[in-house]
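Scroll down for the structure; my scribbles are underneath it.
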Amino acid sequence: MVAQKDDRKFSVLIAGGGSTYTPGIVLTLLNGLDKFPLRKLKFYDNDGERQKKIADATAILVKERAPEVEFEATTDPKEAFTDVDFVMAQIRVGKYAMRSLDEKIPLKHGVVGQETTGPGGIAYGLRSIPGVIQLVDYMEKYSPNAWMLNYSNPAAIVAEATRRERPNSKIINICDMPIDIMDRMAAILGFKDRNDLVFRYYGLNHFGWWTDVRDKQGNDLMPKLKKYVAKNGYWVGGDYDANTEKSWEETFKKAADVYKLDPSTLPNTYLKYYLYPSWVVKHSNPNYTRTDEVEAHRQKLVFGECKRIVEAGTAKDTEFKPDEHSTYIVDLCTAIAYNTHQRMLAIIPNEGAISNIDPTATVEVPCLFGSNGPERLSMGKAATFQQGMITEQNSVEKLAVDAWQEHSYTKLWEAFSLCKIVPDAGIAKDILDDMVVANKDYWPELK
Ligand SMILES: NC(=O)c1ccc[n+]([C@@H]2O[C@H](COP(=O)([O-])OP(=O)(O)OC[C@H]3O[C@@H](n4cnc5c(N)ncnc54)[C@H](O)[C@@H]3O)[C@@H](O)[C@H]2O)c1
Ligand SMILES: O=P(O)(O)OC[C@H]1O[C@H](O[C@H]2[C@H](O)[C@@H](O)[C@@H](O)O[C@@H]2CO)[C@H](O)[C@@H](O)[C@@H]1O
Ligand SMILES: [Mn+2]
């Protein structure tokens with residue numbers, strides 16, 4: 001871990017202060033002040049009421065654990081984005097109500113309904129693009145030297161849009177899925193955590209493969225991992241998975257079947273949607289999707305715990321704790337702040353990192369993180385299977401951004417039709433037509 005190297009203290013803004021992930025980030029920041037010192041913590045959200053519930057509990061946490069840190073929550077962009085060093089973005093444009101439709105509309109037509117995958121992911125993409133661009137513009141206006149670490153999904157489409165629309169902006173798009181899987185790999189192998197592993201990984205966001213995993217001494221850990229994953233997927237079980245929800249259990253276990261398609265690599269869990277779509281649909285309930293689970297579990301737990309803290313007037317015994325989502329984003333800020341060149345994943349323009357993939361594709365590869373941001377590492381050639389899949393999926397993501405930029409119905413229909421999980425252009429059109437109606441308050445009017 002990085003030692004504090006000077007007397008700087010940082011100002012951090014969480015954009016999407018009302019996110020269910022905000023308390024985890026707050027806890028991680030407060031636990032890590034020796035490595036990443038703070039002078040200010042701010043929240044910004046366009047839903048002041050939702051944000052206030054988390055902010056009121058955070059105010060107690062900050063007062064008890066780091067009273068020297070100034071804390072405020074606001075819905076005013078100028079107040080939020082002024083005097084900021086790092087923006088941690090995690091907005092959900094359209095909130096859970098729209099996520100629910102992203103999942104349920106495709107399922108009604110017998111197609112996978114998922115937050116970031118297929119028609120649901122594309123629909124969410126067209127809502128997120130203007131929301132995230134607005135955050136970038138606020139940052140550039142009020143704190144031009146700041147960096148934005150963006151989790152807002154679908155990160156692949158958002159990254160492609162910001163690459164085109166704001167090519168010089170200091171936004172870095174990131175994902176916690178490979179991070180969570182690497183924590184699992186470390187647990188499977190008996191290591192302390194993901195930082196004990198040195199890895200090679202390539203693909204698109206929610207669409208990638210590990211080609212190499214080693215320990216710090218260079219010993220190849222792939223054979224042991226493969227043996228485990230072939231049988232159990234990334235399911236660890238026991239205490240490790242005591243709080244893992246049923247649908248995630250299914251996903252981590254299904255990685256065993258995904259792995260079998262290419263035993264020379266280890267897959268991202270999201271590939272199950274592309275490689276086993278019929279199985280996923282068969283295991284889905286069109287009337288009760290992941291959004292319903294999140295509202296019944298994570299959202300309830302987070303807002304319930306905030307309420308409890310506020311009513312008790314203390315957060316001394318809080319259940320909130322750091323997790324892979326929060327530690328990853330704080331580690332990234334620390335690496336940029338202290339120019340550590342730590343090797344971490346980011347979603348960035350390819351520019352040769354995967355040599356036989358379009359240089360303008362937005363890929364996910366390891367980078368060295370320093371004060372100039374991420375420097376991509378070369379991952380060599382994608383194998384034929386991966387090259388075919390990446391090329392197709394990247395075209396889907398590019399067509400989705402074309403559709404948003406050009407307000408083009410045809411481009412969006414092409415994006416839906418090209419997507420591996422949609423069986424034909426007729427079904428693609430039926431889903432699209434339902435989605436146009438559902439997204440009328442968010443999408444541009446399509447010609
Ligand atoms: N990249 C990753 O790996 C990763 C991991 C986890 C979550 N996420 C993403 O993080 C985001 C938050 O997830 P969640 O489940 O906590 O959602 P959530 O609905 O609990 O929180 C999102 C917040 O964003 C706010 N918001 C929406 N539009 C906004 C806008 N234009 N400006 C400012 N605030 C706005 C909402 O009011 C809400 O408070 C989602 O985009 C989710 O997909 C990404
Ligand atoms: O369905 P959700 O809202 O629970 O999760 C959707 C997000 O899933 C990934 O993040 C996971 C993480 O990888 C998983 O192991 C667990 O710890 O929770 C995280 C968030 O739920 C994915 O990377 C995100 O992009 C999704 O938004
Ligand atoms: Mn992700």
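The values are calculated or read from the model by the stated rules, or taken from the named source; none is laboratory data. In this text, all values refer to a predicted model and were calculated from it rather than measured experimentally. Positions of Cβ are backbone-derived with ideal geometry, glycine not excepted, and every protein chain shown enters the neighbour counts.
For the reader, a short list of remarks on this structure follows.
- The requirement of being within 29 Å of GLY380 (Cβ to Cβ), away from ligand 2 (no atom under 16 Å from the Cβ) and surrounded by fewer than 16 Cβ atoms within 10 Å (Cβ to Cβ) is satisfied by ASN168.
- Residue within segment 218-233 that is away from ligand 3 (no atom under 16 Å from the Cβ) and modelled with pLDDT under 95 present: no
- Selection from segment 267-295 of residues that are away from ligand 2 (no atom under 14 Å from the Cβ) and aliphatic (A, V, I, L, M): LEU275, VAL281
- Qualifying residue in segment 78-89 (condition: among the acidic types (Asp, Glu), touching a strand residue (DSSP E or B) at 6+ places or on another chain (Cβ under 7 Å) and under 20 Å from TRP147 (Cα atoms)): yes
- Test: residue in segment 204-219 that is away from ligand 2 (no atom under 16 Å from the Cβ), touching a residue at least 40 places away in the same chain (Cβ under 8 Å) and either small (Gly, Ala, Ser) or in contact with a Ser or Thr (Cβ under 9 Å, 6 or more places away or on another chain) (or both): yes
- The residues of segment 263-283 that are part of a loop (DSSP other than H, G, I, E, B) and crowded, with 17+ Cβ neighbours inside 10 Å, listed by number, are THR265, ASN268, THR269, TYR270, TYR276.
- Matching residues, segment 114-142, being within 12 Å of TRP443 (Cβ to Cβ) and surrounded by fewer than 19 Cβ atoms within 10 Å (Cβ to Cβ): PRO130
- Lone qualifier among LEU149, LEU189, LEU197, LEU107 - being at pLDDT 95 or above, surrounded by fewer than 24 Cβ atoms within 10 Å (Cβ to Cβ) and within 16 Å of the chain's Cα centre (by Cα): LEU149
- Count of segment 284-304 residues which are in a strand (DSSP E or B) and within 14 Å of ligand 1 (Cβ to nearest atom): 0
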